[in-house]
Amino acid sequence: MKRRSFLHLVAGAAALPLAPRIAQAQAYPAHPIRLVVGFPAGGQVDIIARLVAQWLSNALGQTVVVENKPGAGGNLGAEAVVNAAPDGYTLFFAAASNTVNTTLFPNLPYDFARDTAPVGTINRIPLVLEVNPAPPAGFVAYAKANPGKLSVGSPSAGTPPYLCVELLKMMAGIDVIHVPYVGENQMVTDLLGGQLMAGVGGISSGIGHIKAGKLDALGVTTAARVAELPDVPTVGDTIPGFEASGWSGIVAPKNTPKEIIDRLSAAIGVIEADPKFKERLSDFGAPLFAMPPEKFGKFIVEETEKWGKVVEFAGLKPQ
């Protein structure tokens, strides 16, 4: 065999393992994609996930179906995706709670940062302290005058609103009854019905009721006021230094081919560049928060470390 022919044969053999992956990426997506959400329908994360699924379907030319797998603060949904085939057809709509859970739940069968492949962030989730009715003397003053009597709801353990309530207790020096819910939808229902006096949740789940005057918004948890509720002060105005917010993004199972991650990331970039998509996010009180895969991966690690310190400091345990 001539040397040139031999080298061509060797080069061709070396490229063979890449051929199926390249063909797979070129054909992707060939059938519907599942976007798993770790929380019940109707809450902040679910609302945004369904919006993203609709726009992503158009960008990819393939149906993206939302599948709710609630439980354990988003852990059940995350585990289902971590154990799924890394082929791009099962994705997870991740939230800040997934980074919190790494230290909040000591025996998780997976490591979220290690066992997922980041695709891209979608939005920030400003939180709001909402009440029904508003305490006449002010929330903190009322809580201090009535220790152990004020009930404050939040979604389940590990979520940003849950940690926000604990941070509020710690920084304001108040004693309240913390009532975790499986999802925000039921918490808002109980607030409207008067079974619960106060709650912390994502703006999108309560903004309609706030604007209708059915709930009172006492403060947003971000460092600055938010455009969606411009007249509502920050909690930090009353409790200096207080700040907390959530986020959402899409991850895939570990070892998903880079070509597929790049295809998904490009599609997310297309929808995030559309002013109408940004406007829709704003309608739900969830400002755009765009970040490519590599930065998103570093962000997940940073968030895990940050919330880990809060969990340890507060001695929090899953409920």
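Coordinate-derived values only; no laboratory data. Keep in mind that what you see is a predicted model, and the values were worked out from it rather than measured. Positions of Cβ are backbone-derived with ideal geometry, glycine not excepted, and every protein chain shown enters the neighbour counts.
State the volume of the convex hull built on the alpha-carbon positions of segment 241-312, expressed per residue in Å³ and rounded to an integer. Don't skip to the end; give the middle numbers.
Working: hull volume 8.8 nm³, N = 72.
It comes to 122 Å³ per residue, whole-number rounded.
Counting DSSP beta bridges in segment 126-237, what percent are antiparallel, to the nearest 5? It would help to have the intermediate numbers written out before the result.
Working: 9 of 17 bridges.
Among the beta bridges of segment 126-237, antiparallel pairing accounts for roughly 55 percent.
Could you sort the peptides 137-149, 234-246 by per-residue average Cβ neighbour count (10 Å cutoff), highest mean leading? Present the calculation step by step, with values, prior to reporting the outcome.
Details: 137-149: 15.2, 234-246: 17.5.
Per-residue Cβ counts within 10 Å, averaged per peptide and sorted highest first, yield 234-246, 137-149.
Below 8 Å, C-alpha to C-alpha, sequence gap of six or more: please give me the relative contact order for segment 228-312 in percent. Intermediate results must be reported in sequence, preceding the final value.
Working: 20 pairs, mean separation 19.2, N = 85.
Result for segment 228-312 is 23 percent.
How many percent of Cα pairs in segment 214-259 exceed 14 Å?
Details: 630 of 1035 pairs.
Every Cα pair in segment 214-259 considered, those over 14 Å come to 61 percent.
Rounded to two decimals, what is Rg over Rh for segment 54-151 when you use alpha-carbon atoms and the Kirkwood radius?
On the way: Rg = 19.3 Å, Rh = 17.0 Å.
Result: Rg/Rh = 1.13.
Sorting 200, 81 on the 10 Å Cβ count, fewest up front, what's the list? List each step's numbers first, then the result.
Working: 200 30, 81 26.
By the 10 Å Cβ count, ascending, the order reads 81, 200.
Between residue 107 and residue 255, with labels modelled 7 Å along Cα→Cβ, what's the label distance in nm to one decimal, could you check?
The answer from the label model is 2.6 nm.
Measure up 149/309; 69/211; 258/295 against 20 Å on the Cα-Cα distance and list the ones that go over. Intermediate values should be presented prior to the final figure.
Numbers: 149/309 29 Å; 69/211 30 Å; 258/295 15 Å.
Correct reply: 149/309; 69/211.
Among 219, 145, 165, whose Cα lies farthest out toward the positive end of the dipole of segment 126-237, if unit charges sit on the beta carbon of Lys, Arg (+1) and Asp, Glu (-1)?
In segment 126-237, that residue is 145.
Given Cα pairs under 8 Å that are at least 6 residues apart, what percent is the relative contact order of segment 92-225? Don't skip to the end; give the middle numbers.
Details: 190 pairs, mean separation 44.9, N = 134.
With pairs under 8 Å counted, the relative contact order is 33 percent.
Taking every Cα atom in segment 177-319, find the radius of gyration and the maximum pairwise distance Dmax, and write them in Å.
17.9, 51
Evaluate the distance, in nm, between pseudo-label points positioned 7 Å from the Cα of residue 294 and of residue 67 along their respective Cα→Cβ axes.
3.2 nm
Can you give the calculated 222 nm mean residue ellipticity of the chain, where each DSSP H run of n ≥ 4 adds -39,500 (n - 2.57) and the sum is split over every residue, rounded to the nearest 500 deg cm²/dmol? Please report the intermediate quantities before stating the final value.
Details: 13 runs with 146 residues, N = 319.
Rounded to the nearest 500, the figure is -14000 deg cm²/dmol.
Between residue 218 and residues 5 or more places away or on another chain, which pairs have amide H atoms under 5 Å apart, with H built 1.01 Å from N, and which residues are they?
129, 130, 131
Can you find, among 240, 285, 65, the residue sitting farthest towards the positive end of the charge dipole of the chain, where Lys and Arg contribute +1 and Asp and Glu -1 at Cβ?
Final value for the positive-end residue is 65.
Modelling each spin label as a point 7 Å along the Cα-to-Cβ direction, I'd like the residue 224/residue 237 distance in nm, to one decimal.
Reported label-point gap for residue 224 and residue 237 is 1.5 nm.
What residue among 126, 90, 31 has its Cα farthest toward the positive end of the dipole of the chain, where the charges are +1 on Lys, Arg and -1 on Asp, Glu, each on the Cβ?
Result: 31, furthest along the dipole toward the positive end.
Given +1 on the Cβ of Lys and Arg, -1 on the Cβ of Asp and Glu, and no further charges, what dipole in debye does the chain carry about its Cα centre, rounded to the nearest 20?
Details: 26 positive and 27 negative charges, 210 e Å.
Roughly 1000 debye, rounded to the nearest 20.
Please list, ordered by chain and number, the residues whose modelled amide H lies under 5 Å from the amide H of residue 243; skip anything fewer than 5 residues away on the same chain.
none
Using Cβ counts within 10 Å as a stand-in for footprinting exposure, how do 291, 187 rank, fewest first?
On the way: 291 19, 187 27.
Ascending Cβ contact count within 10 Å gives the list 291, 187.
Which order, highest average first, do 63-72, 30-39, 87-96 follow once you tally other Cβ atoms within 10 Å for each residue and take the mean per peptide?
Details: 63-72: 17.2, 30-39: 19.8, 87-96: 24.6.
Ranking the peptides 63-72, 30-39, 87-96 by packing returns 87-96, 30-39, 63-72.
Order by neighbour count: 301, 188, fewest other Cβ atoms within 10 Å first, most last.
301, 188
Using Cα pairs closer than 8 Å and at least 6 residues apart in sequence, work out the relative contact order for the chain, in percent. Could the numbers behind the result be given before it?
On the way: 622 pairs, mean separation 83.6, N = 319.
Computed over the chain, the figure is 26 percent.
Give the whole-number value, in cubic angstrom per residue, of the convex hull volume spanned by the C-alpha atoms of segment 126-237. It would help to have the intermediate numbers written out before the result.
Details: hull volume 10.3 nm³, N = 112.
Convex hull volume per residue, Cα atoms: 92 Å³.
If the chain between residue 178 and residue 279 were fully stretched, how many nm would it gain, using 0.36 nm times the residue separation less the Cα-Cα distance? Each step should come with its number before you reach the end.
Numbers: separation 101, 0.36 × 101 = 36.36 nm, distance 3.39 nm.
Between residue 178 and residue 279, full extension yields an extra 33.0 nm.
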